[in-house]
Amino acid sequence: MKTLPIFTSSLKMFLRDKHAWMWGLFIPLFIMTIFGLMDFNQLGSIRIGVVDLAQNELSEQIAGALEEASVLKVQQGDEPILREKIEKGDIDLLLYLPQDLSVAEPMQTGQPTELKLLFNQGQFEQTGTGILIVNQILTQFSLQAAQGSTLFALNQEPVDSRNFSYMDFMIPGIVGMMIMQLGIIGVAMIVVKYREQDILKRLRVTPMNPLLFLVSQVFTRLFLLMAQAGLIILLGKLFFDLHLYGNLFYIFVTALLGSLVFLSLGFAISGVAKSINTAMSMAQLIQMPMMFLSGIFFSREAFPSWLQKITDYLPLTYLAEALRKTMIEHATLYDVRTQLIALTLWVVGGLFLAVKLFRWE
Amino acid sequence: MSKQAPIIQVKDLHKTYGDTQAVDGVSFEVMKGEVFGILGPNGAGKTTTLEIIETIRKQDRGEVLINGLDCHQHSHKIKQIIGVQLQSSSFFDYLNLKELLNLFASFYNRTIDPSEILGKVELTDKANQRIKQLSGGQKQRFSIAAALVNQPEILFLDEPTTGLDPQARHHLWDVIRGQNQDGITIVLTTHYMEEAEELCNRVAIMNQGKIVAIDTPDNLIKILLKNGFKKERKVQEANLEDVFLHLTGHGLRE
């Protein structure tokens, strides 16, 4: 039996299959671009409005100090405008610097000048942190003015820590998602189609073992999945500022194991589904919930704990976690052994189902 | 055409699906070099019979010998010497005709010249096109081409002309006759009686899983007439198909 032409033909078929490229490359890149444009890192900042009624040296110094704090986004302006903004929720805090703002007066009277600070009640996290920072800045001014000696000074040393961006979180997830979609849809659709169109039957009247043909299809699909995953990672590094620290071999092993899970599930579906439409629906029924429950686009930490516990066991959760760790966090295969063992169990389960359910006719 | 030796022997074949007796005691022989037709209405058991002979379905009872070899014990050897066109089988989308033929040849461990085989079914100029781009008649012809990659001794054609327009059907008949003249034994199913008369040396007529008659088309007609059968209408020298072809021409439209 000449096996090489069978493999090269399979490869040709997949390379010419536009759907495979759409699911494998275009959609992941599209999602990455959209989410990349959204820039979630910005969401962490606290927006503060400053109404400067004093317009003196001190008020300018305070406003300047606020602007220097990197987490604060300062907007100065007139009272009515800023007031409207905080009511609409466009800013989180609004600080008033009163007309009589000075260092001398409170020193003489011993009574601190009161500064009004409005805060958005609905945004506890932002306002809480914001109030602390504003307080801290004002305290510093008081100490300086009172010429009190500072007791403690923080000696700050910058550390070049690995700062994970949202992209670093998402790209490994996207790779996992792509593997899932191409693995399940690719196999299920092809096998059902070949069966529906009597192609499998046509193969069975030749002396070739049709199993060899299916194996060739799976191998070439695996090969392409790995290539497409590599391409997404490469583009992520080039254009989306992906911090790729991991060992490529570890990433490869993880992705391969994940592919096997979904390829076997695809075969299982192909055994149950009678038509291409049923296969498509069944594939979506499995894929859609997993896309949102496996922590691809956002962390599962936001889930209630019972949901977290359930989604812990999803194959895509394991794959996304293992990919994230091997790609971004320097993890070795030993470090992600839990996920790899779980994926292996999924492969075993998937293969069992596939063998049980697969039909030639 | 030498018709001495039977190349296919079917003996007392039975096959049931659930409650349906699809094939119910079918026996016949096909001689080397002949064109043998299996006729019958839909559901008569033609395709099942054919698929058992083609080794992709197992009979419940009975025996099929090809070249004296049991179909199931020697299915691998049998597959080497038969070419099969399935009733509605399609081919892979993303390969062109040349690539498809090369792929099928590799299933037989053979190297072929795709354009030579495409020439046999007059598709040489379509070598670089894909299945999707072919007309119905061209698809059927390609299906025959794919069945020829292993230079088979027997060619099985399951309703090869169903759904084709008269021009394409007549063209396919020429292709089939050409293959038979090259020495290939042909077994075909059809429900076009004209096709059977036109092509077949002998036909078996099946009904409800049984063979109800088997002979040359001429003999079958003679027997019927001898038993006093008379057609209501006088047989004319031409029929409506002749009119259609006369008006629209014999040329292929594809």
Cα principal axis extents for the stretch B:45-109, largest first, Å: 41, 27, 14
I'd like to compare B:164-172, A:101-109: which one has the highest average count of other Cβ atoms within 10 Å, and what's the full order after that? B:164-172, A:101-109
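Can you classify the stretch A:222-322 as rounded, prolate or oblate using the Cα gyration tensor, where a ≥ b ≥ c are the square roots of its eigenvalues, rounded means a/c under 1.5, and otherwise it's prolate if a/b beats b/c and oblate if not?
On the way: a/c = 2.02, a/b = 1.23, b/c = 1.64.
Here the stretch A:222-322 falls in the oblate category.
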How would A:Leu94, A:Leu351 line up by accessible area, probe 1.4 Å, largest first? A:Leu351, A:Leu94
Quick one: ranking B:Thr216, B:Thr189 by accessible area, 1.4 Å probe, largest first, what do you get? B:Thr216, B:Thr189
On a 22 Å Cα-Cα criterion, which of the cross-link pairs B:Lys98/B:Lys139; A:Lys2/B:Lys79; A:Lys274/A:Lys356; B:Lys58/B:Lys210; B:Lys32/B:Lys126; A:Lys2/A:Lys356 come out too long? B:Lys32/B:Lys126; A:Lys2/A:Lys356
For B:Ile211, enumerate residues with amide H under 5 Å from its amide H, sequence gap 5+ or separate chain, H modeled in the peptide plane. B:Ser27
Excluding ligands and nucleic acids, what accessible area in Å² is computed for B:Glu198 using a 1.4 Å probe, to the nearest 10? 80 Å²
In the neighbourhood of A:Ser270 defined by beta carbon distances under 14 Å, the net charge of the other residues (Lys, Arg +1; Asp, Glu -1) is +4
Please compute the average number of Cβ atoms from other chains found within 10 Å of each residue's Cβ in peptide B:93-99. 4
Can you classify chain B as rounded, prolate or oblate using the Cα gyration tensor, where a ≥ b ≥ c are the square roots of its eigenvalues, rounded means a/c under 1.5, and otherwise it's prolate if a/b beats b/c and oblate if not? oblate
With all protein chains present and a 1.4 Å probe, how do B:Glu63, B:Glu237, A:Glu361 order by accessible area, largest first? B:Glu237, A:Glu361, B:Glu63
How are the Cα pair distances of chain A distributed, in percent, across 10 Å bins from 0? 5, 19, 22, 16, 13, 10, 8, 5, 2, 1, 0
Roughly how big is the A-B contact, given as buried accessible area in Å² (both sides, 1.4 Å probe, nearest 100)? 2700 Å²
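Given a Förster radius of 25 Å and the C-beta distance between A:Ile310 and A:Lys274 as r, what FRET efficiency does 1/(1 + (r/R0)^6) yield to the nearest 0.05? Please list the in-between numbers first.
Numbers: r = 30 Å, r/R0 = 1.21.
Using R0 = 25 Å, I get an efficiency of 0.25.
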Taking θ = phi - 60°, what integer Hz values does the Karplus form 6.51 cos²θ - 1.76 cosθ + 1.60 yield along the stretch B:185-190, in sequence order, with x for Gly and Pro? 6, 10, 10, 9, 10, 6
Based on the alpha-carbon gyration tensor of the stretch A:45-159 and its eigenvalue square roots a ≥ b ≥ c, which shape applies: rounded if a/c is under 1.5, prolate if not and a/b is larger than b/c, or oblate? oblate
Got a number for carbon plus sulfur as a percent of the stretch A:221-325's accessible area, 1.4 Å probe? 72 percent
At 1.4 Å probe size, what's the solvent-accessible area of A:Leu29? Round to the nearest 10 Å². 40 Å²
Karplus ³J(HN,Hα) for the stretch A:3-20 (6.51 cos²θ - 1.76 cosθ + 1.60, θ = phi - 60°; Hz, whole; x = Gly/Pro) runs 8, 4, x, 5, 5, 5, 5, 4, 4, 4, 4, 6, 5, 8, 7, 5, 4, 4
Heavy-atom accessible area of A:His19 with all protein chains present, probe 1.4 Å, nearest 10 Å²? 110 Å²
What is the distance in Å between the Cα centres of the stretch B:105-150 and the stretch B:202-238? 36 Å
Which distance in Å, rounded to a whole number, links the C-alpha centroids of the stretch A:284-361 and the stretch A:77-93? 45 Å
Non-local residues with an amide H under 5 Å from the amide H of B:Val84, with H modelled 1.01 Å from N and Pro and chain starts lacking one, are B:Phe156
Grab the other residues whose beta carbon is less than 15 angstrom from that of A:Leu235, score K and R as +1, D and E as -1, and report the net. -1
Longest principal axis of chain A (C-alpha) makes with the long axis of helix A:124-145 (C-alpha) an angle, in degrees to the nearest 10, of 40 degrees
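How much net charge surrounds A:Thr317 when only other residues with a Cβ under 14 Å from its Cβ are counted (Lys, Arg +1; Asp, Glu -1)?
Working: positive: A:Arg300, A:Lys309, A:Arg324, A:Lys325; negative: A:Glu301, A:Asp312, A:Glu321.
The answer is +1.
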Per residue of the stretch B:26-33, what does 6.51 cos²θ - 1.76 cosθ + 1.60 with θ = phi - 60° give for ³J(HN,Hα)? Whole Hz please, x for Gly and Pro, Karplus curve as stated. 8, 9, 6, 10, 10, 8, 4, x
Please list, in chain and number order, the residues 5+ apart from B:Ala204 or on another chain whose amide H is under 5 Å from its amide H, with Hs placed from the backbone. B:Gly37, B:Ile38, B:Leu39
Whole-percent carbon and sulfur share, accessible surface of the stretch B:1-98, 1.4 Å: 46 percent
If r is the Cβ-Cβ distance from B:Glu116 to B:His14 and R0 is 35 Å, what FRET efficiency results, to the nearest 0.05? 0.25
Nearest 10 degrees, 0 to 90: helix A:315-328 Cα axis against chain A principal axis: 60 degrees
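The values are calculated or read from the model by the stated rules, or taken from the named source; none is laboratory data. As the structure is a prediction and not an experimental result, all values here were calculated from the model. Note that each Cβ is placed from the backbone with ideal geometry, even for glycine, and that neighbours are counted across all protein chains shown. The protein model used for the area step is the full one, side chains on, heavy atoms only, and it has no ligands, DNA or RNA in it. Shrake-Rupley method; radii C 1.70, N 1.55, O 1.52, S 1.80 Å.
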